[in-house]
Amino acid sequence: MTKMIFVSLPVTDLAKAEAFYDALGFARNSQFSDETSACMVVSETIHVMLMTHAKWQTFTNRPIPPATSSEVMLALSCDSREAVDAMNAAAAAHGGTADINPAQDLGFMYNRNLADPDGHVWEAVFMNMSDMPTS
């Protein structure tokens, strides 16, 4: 059986969050979406569940951290350096924040960090293992 990842994120404005992730290239799965949540498909095995705060609180009574804090950074591989740049540009153009940390260019690996409108941190990364230095 193929393992799948479902990342659940609390959001303050579901429509805004859905538009943001759509701009990043994630597709909406209406089968698992309603007025309280939106399932955004990253790939066949990765889905992001955007949930209103009220919906989120039906799953846990733990507090939602403020948008200025980071509990995790979600890294997503991209097909090229240009795709990393495009993801950051889309984030900035659709209510998110690009380059919340300095970009890293290690030759074989290039990454830039962004935040969605609710402050959830993503790392867009391109790795070319053929350029990785050998020890």
- line: Taking N as the number of residues in the stretch 67-108, the ratio of its alpha carbon radius of gyration to 2.2 N^0.38 Å works out to 1.25
message: I need two numbers for the chain: Rg to one decimal and Dmax as a whole number, Cα atoms only, in Å.
response: 15.6, 52
Estimated inter-spin distance, S80 and T58, nm [label 7 Å along Cα→Cβ]: 4.3 nm
field: the stretch 1-60: C-alpha gyration tensor shape, a/c 1.5 cut-off, then a/b vs b/c
entry: oblate
- prompt: Measuring from the lowest to the highest alpha carbon on each principal axis, how far does the stretch 71-135 reach, largest first, in angstroms?
  reply: 40, 25, 17
- prompt: What does the helix-only formula give at 222 nm for the chain: each DSSP H stretch with n ≥ 4 adding -39500 (n - 2.57), the total divided by the residues, and the result rounded to the nearest 500 deg cm²/dmol?
  reply: -5500 deg cm²/dmol
statement: Per the 1/(1 + (r/R0)^6) rule, R0 = 25 Å and r from the Cβ atoms of S70 and A92, FRET efficiency to 0.05 is 0.85
field: Fully extended contour minus Cα-Cα distance, from K16 to L106, at 0.36 nm per residue
entry: 29.0 nm
query: For helix 81-93, what angle does its Cα long axis make with the longest principal axis of the chain, in degrees from 0 to 90 and rounded to 10?
result: 40 degrees
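Each value in this text was obtained by applying a stated rule to the coordinates, not by laboratory testing. Predicted, not measured: the structure shown is a model, and the values here were computed from it. Cβ sites come from the backbone with ideal geometry, for glycine too, and all protein chains shown count toward neighbours.
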